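Peer 1: Structure in structure tokens, see below.
The values are calculated or read from the model by the stated rules, or taken from the named source; none is laboratory data. If you're wondering where the values come from, they're calculated on a predicted model, not measured in any experiment. A quick note on method: Cβ atoms are made from the backbone with ideal geometry, for glycine too, and the neighbour counts reach across all protein chains shown.
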Number of protein chains: 2
Amino acid sequence: MRVTIRDVAHAANVSISTVSRVLNDTCVVSEDKRLLVLEAAKNLNYRPNPAARSLLNKSTGGLGVLLPFVSGEFFSEFLGGIDEAAQKNDFFLMISTSHRHQDEFRAAMRAMDKRVDGLIIMAPELGAEDAASIPSLDEPVVFVNTNIDQRPFDVINFDNFGGAHALTRHLLELGHHRIAHIKGPADARDAQERTRGYRMAMAESGIEDVVALEFQGGFTQESGHAAANRILQMDPRPSAIMAANDYSAMGVLSALHEAGISVPKDVAVAGFDGLASGQFTVPPLTSVRVPVRELGSTAVMRLIDRLHGKLADTAPLRLDLPVELLIRESTSAKAVHGRTPAFE
Amino acid sequence: MRVTIRDVAHAANVSISTVSRVLNDTCVVSEDKRLLVLEAAKNLNYRPNPAARSLLNKSTGGLGVLLPFVSGEFFSEFLGGIDEAAQKNDFFLMISTSHRHQDEFRAAMRAMDKRVDGLIIMAPELGAEDAASIPSLDEPVVFVNTNIDQRPFDVINFDNFGGAHALTRHLLELGHHRIAHIKGPADARDAQERTRGYRMAMAESGIEDVVALEFQGGFTQESGHAAANRILQMDPRPSAIMAANDYSAMGVLSALHEAGISVPKDVAVAGFDGLASGQFTVPPLTSVRVPVRELGSTAVMRLIDRLHGKLADTAPLRLDLPVELLIRESTSAKAVHGRTPAFE
DNA sequence: CTGTTAGCGCCTTCAT
DNA sequence: ATGAAGGCGCTAACAG
């Protein structure tokens, strides 16, 4: 933070406004002075101070991303999509995590405030109270994988309900009736939607009392492992397990392996998310591919459109990205490939 | 218009400086005015503008992270470690990627400049020319997983050489002699170190002409797959393959699977990085666990110490974090099943 | 075309 | 204890 525009002006024997004009190419400057300025700036290794600039501009050139975690395949892919789109549009990225905690969520919001031009928020567990505090920000916000029904924000989600419905139907069509379901975190709306899809498909098949088949999980491998062990104690034992996400399903696989139970012969297993590592499990995991990367890039593009004022009085976006059934060996020795049946 | 300190001062019937003093708790203010200010600030939802503040402070409260990619298990875990440590110390995070391209690397450096108080840079492919341009920054820098021999920066690496050496010895001790090696990107120093460890162990075993056993890879699954197919055409065929990282090794596993070759019975396979998903491959992958998460948090702590001036005239850090051999079934059936290895 | 001037929002001496 | 005034580095009027 040492060499300023003033130093450059002095070195080039011009005024500071001329320097500014040359560097921003904001109006015509005589060629000789232009070169002089460029030369001086280069020699002095001058780099404008973005803080000073954004004090005038009211714009930072940055996008904020607030999500539960940065690690894990799901968030990692999401960030990849965000990063690519942001870089392509010359925005820098500020990233914060909530760890699904309200206080960290608020702290992150505070930290991003005015340091970025817009926010992308993923908070599946976001309660109504937090949602209410969001309009206090000046920046436009795009929510992803979050259910904010009542507010005028752009919202981009996956078709969690449709995917879970299709996945459950897949199991039903294989002849399974007793399909246990391992739920995600109770407060996460995406998890709730998946459970809803499960229940709907079961109900459509005339299967009552699914509640007895539902087990609490937490989107983690450990929770899936624990739930599987509880499921194994049921009598009669379910012939299939549909976990709310792939990590849980991987926990299930390891629990079944430990118990000497063969998949899919004895018990079929399915996950959700379509993580790349699901190809490498034993056996490869049936799942629902959600377009995580695309979710990120779509959110960035939408946000940038808003920032450019292109969407000034457009109605808030409400988009559910389509998901895709990935049938692998964990449910059926025969692997097929297909899109989500239209359930809208 | 956004609400400024002036609005608060007006609403509370005090001067701007009083507001500043109350909000920053910078000197004693009479209790009644204090409450007045706090009240007004709350009512107006006043949030100080960080740009204006950092113009004076010359500090932003942020850390920059520059790395090749954000997605993938390796970078994802690294970011997790960074995020945790940064959050604990109330620093926000700016993240940019180079995709291993020089121009993107420089663009990212420019974007971070002055927007953060310090930088963590992971650039295994960093050439001497780029290294030369780095001192032009005013912020302190900690390099991770990067070899910058000649410059006075803090550098934290893994013991790539030692890990590769130990891993190769493990294969040699299992009785393998013809051990093929799939290298990482030619310009990546961490990959080079791993290759060096491989060569050293081979040489110590009296095995000459290893160059014929080395194949170019690129740290990706696809490159590992392609290299494996080339290896399979060798005559005599190597009995073991040591890949420069886990992703390559997973590509090898799939190529061998396609070719109907059994692992580890026909060919043993080993990776490097110790990714979590290596537990789920068929068979589970022998690897070298590198403490990625710890690398991130250590770098943050070191950087913050520098920022606090605690390390004013300390010599630059040069630290190699220890790695750990993870022996799984892809090299030795004994690891999981408790059977005698077939080679003996 | 170019230089001078007035802020952007805030903190920090200075006075009072 | 409080208010007024002077920048931080930069851009955007406004004159010349």
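Peer 1: Given the structure, is A:Leu79 at the interface with another protein chain (Cβ under 7 Å from one of its Cβ atoms), under 19 Å from B:Phe105 (Cα atoms) and outside any loop (DSSP other than H, G, I, E, B)?
Peer 2: So A:Leu79 passes the test.
Peer 1: Next question. With the structure loaded, tell me whether B:Ala107 is touching a Ser or Thr at 6+ places or on another chain (Cβ under 9 Å) and surrounded by 22 or more Cβ atoms within 10 Å (Cβ to Cβ) or whether it fails that test.
Peer 2: no
Peer 1: Ok, one more. Sort out which residues of the range A:1-29 are within 10 Å of DNA strand D (Cβ to nearest atom) and in a loop (DSSP other than H, G, I, E, B), and write them in order of number.
Peer 2: A:Met1, A:Arg2, A:Val3, A:Thr4, A:Ser15, A:Thr26, A:Cys27
Peer 1: Any idea which of B:Gly72, B:Gly62, B:Gly80 is more than 16 Å from DNA strand D (Cβ to nearest atom), touching a Phe, Trp or Tyr at 6+ places or on another chain (Cβ under 9 Å) and more than 18 Å from B:Asn145 (Cα to Cα)?
Peer 2: After applying the criteria, what remains is B:Gly62.
Peer 1: Among the listed residues B:Thr60, B:Thr18, identify the single one that is under 25 Å from A:Asn45 (Cα atoms) and among the β-branched types (Val, Ile, Thr).
Peer 2: On inspection, the qualifying residue turns out to be B:Thr60.
Peer 1: Scan the range B:194-211 for residues that are assigned to a helix (DSSP H, G or I) and either modelled with pLDDT under 95 or β-branched (Val, Ile, Thr) (or both) and jot them down.
Peer 2: Scanning the range B:194-211 gives B:Thr195, B:Val210, B:Val211.
Peer 1: Please give the number of the condition B:Ser76 fails out of (1) surrounded by fewer than 24 Cβ atoms within 10 Å (Cβ to Cβ); (2) assigned by TED's automatic domain parsing to the domain that holds B:Val141; (3) small (Gly, Ala, Ser); (4) over 26 Å from A:Pro50 (Cβ atoms).
Peer 2: In the conditions (1) surrounded by fewer than 24 Cβ atoms within 10 Å (Cβ to Cβ); (2) assigned by TED's automatic domain parsing to the domain that holds B:Val141; (3) small (Gly, Ala, Ser); (4) over 26 Å from A:Pro50 (Cβ atoms), B:Ser76 misses (1) alone.
Peer 1: Inspect the range A:3-11 for any residue being out of contact with any Leu (no Cβ under 8 Å at 6 or more places or on another chain) and more than 14 Å from DNA strand C (Cβ to nearest atom) and give the result as yes or no.
Peer 2: No; the residues of the range A:3-11 include none that is out of contact with any Leu (no Cβ under 8 Å at 6 or more places or on another chain) and more than 14 Å from DNA strand C (Cβ to nearest atom).
Peer 1: Among the residues of the range B:38-58 satisfying the criterion of being within 9 Å of DNA strand D (Cβ to nearest atom) and aliphatic (A, V, I, L, M), which is farthest from the other protein chains (Cβ to nearest Cβ)?
Peer 2: So, considering only residues that are within 9 Å of DNA strand D (Cβ to nearest atom) and aliphatic (A, V, I, L, M), the one farthest from the other protein chains (Cβ to nearest Cβ) is B:Leu56.
Peer 1: Could you check how many residues of the range B:162-180 are part of a helix (DSSP H, G or I) and more than 18 Å from B:Phe215 (Cα to Cα)?
Peer 2: Here the count works out to 7.
Peer 1: Any residue at all in the range B:46-57 that's assigned to a loop (DSSP other than H, G, I, E, B), under 29 Å from A:Ala52 (Cβ atoms), touching a helix residue (DSSP H, G or I) at 6+ places or on another chain (Cβ under 6 Å) and aromatic (Phe, Trp, Tyr)?
Peer 2: yes
Peer 1: Within the range B:165-216, which residues are buried (at least 18 other Cβ atoms within 10 Å of the Cβ) and among the hydroxyl-bearing types (Ser, Thr, Tyr)?
Peer 2: Passing the criteria: B:Thr168, B:Thr195, B:Tyr198.
Peer 1: Ok, one more. Condition (residue is buried (at least 22 other Cβ atoms within 10 Å of the Cβ), β-branched (Val, Ile, Thr), touching a Phe, Trp or Tyr at 6+ places or on another chain (Cβ under 6 Å) and more than 30 Å from A:Arg293 (Cβ to Cβ)) applied to the range B:14-24: is it met by at least one residue?
Peer 2: Within the range B:14-24 (the criterion being buried (at least 22 other Cβ atoms within 10 Å of the Cβ), β-branched (Val, Ile, Thr), touching a Phe, Trp or Tyr at 6+ places or on another chain (Cβ under 6 Å) and more than 30 Å from A:Arg293 (Cβ to Cβ)), the answer is no, since none of the residues qualifies.
Peer 1: If you go through the range A:89-99 one residue at a time, do you hit one that is more than 14 Å from chain B (Cβ to nearest Cβ) and either part of a strand (DSSP E or B) or surrounded by fewer than 21 Cβ atoms within 10 Å (Cβ to Cβ) (or both)?
Peer 2: no
Peer 1: When you look at B:Ser136, is it out of contact with any His (no Cβ under 9 Å at 6 or more places or on another chain), within 16 Å of DNA strand D (Cβ to nearest atom) and at the interface with chain A (Cβ under 7 Å from one of its Cβ atoms), yes or no?
Peer 2: yes
Peer 1: Then there's this: Name the one entry in A:Met94, A:Met122, A:Met112 that is in contact (Cβ under 8 Å) with a residue 24 or more places away in the chain, touching a strand residue (DSSP E or B) at 6+ places or on another chain (Cβ under 6 Å) and more than 23 Å from B:Val116 (Cα to Cα).
Peer 2: Result of the check over A:Met94, A:Met122, A:Met112: A:Met122.
Peer 1: Something else now. Among the residues of the range A:275-318, write down those that are away from chain B (no Cβ under 14 Å) and without any contact (Cβ under 8 Å) to a residue 60 or more places away in the chain.
Peer 2: A:Arg289, A:Asp305, A:His308, A:Gly309, A:Lys310, A:Leu311, A:Ala312, A:Asp313, A:Thr314, A:Ala315
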